[in-house]
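Presented below is the structure to which this report refers.
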Amino acid sequence: MAESLVRQLHMPDDVETATEAIEVLRGWVIDKHLQCSISASVFADHAQWGVLLADLAQHVAGAMHEVHKVDQQETLQKIVTAFTNAINDAQPPDA
C-alpha cells in the first residue's frame with residue numbers, strides 16, 4: 001500500500017495531559033467503503049451514542065464551514081436528513 005495514502009488525524013492536545021482519555025471510535029474510507037472500529041462498551045447508557053452522534057454532526061458542520069465556507073445550519077440539516085433516511089432504510093442485522 002502506498003504510504004502517502006494512509007493518513008491519520010491528530011489526537012486532541014488534551015489527550016496527553018488528561019487524567020482519563022478513552023478512544024471511542026475510528027473511521028476510515030477504504031476503497032470507497034466506510035469501515036469503523038468502535039469501543040462499544042465505553043457508555044453504560046447506550047443512549048449516549050446518540051449524544052455522541054449529535055456532537056459529531058455539530059463538529060462536522062463547523063469543520064465544513066471552516067473549510068468550505070458553507071452554512072453550518074444547512075450542513076447540519078443535510079446531515080440530520082441523511083442520517084434519518086439511512087436509519088429508516090437500514091435492515092436489522094437478522095434480516
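Here, each number is a calculation from the coordinates, and none is a lab measurement. In this text the structure is predicted, and so the values were computed from the model without any measurement. For neighbour counting, all protein chains shown are included, and Cβ atoms are generated from backbone atoms with ideal geometry for every residue, glycine included.
Sparse packing (at most 16 other Cβ atoms within 10 Å of the Cβ) combined with a DSSP loop state is found for the following trypsin sites (Lys or Arg not before Pro) in region 1-76: Arg7, Lys32, Lys69.
For the chain, applying the loop criterion from DSSP together with a ceiling of 14 other beta carbons within 10 Å to the GluC sites (Glu not before Pro) yields Glu20, Glu23.
Over the C-alpha trace of the chain, radius of gyration and Dmax come out as 16.0, 45 angstrom. In this simple spin-label model, placing a label point 7 Å from the Cα along the Cα-to-Cβ direction at both Asp89 and His33 gives a separation of 1.7 nm.
Based on the Cβ-Cβ distance from Val80 to Leu25, what FRET efficiency comes out when R0 is 22 Å, to the nearest 0.05? Intermediate results must be reported in sequence, preceding the final value.
Numbers: r = 19 Å, r/R0 = 0.88.
Approximately 0.70, to the nearest 0.05.
Ordering Leu53, Leu76 from the fewest to the most neighbouring beta carbons within 10 Å gives Leu53, Leu76.
Over 18 Å, how big is the tail of the calculated P(r) for region 44-90, in percent of all Cα pairs? Kindly include the intermediate steps, with their values, before the conclusion.
Details: 390 of 1081 pairs.
That fraction is 36 percent.
Among His65, His59, the ranking by other beta carbons within 10 Å of each residue's beta carbon, starting with the fewest, stands as His59, His65.
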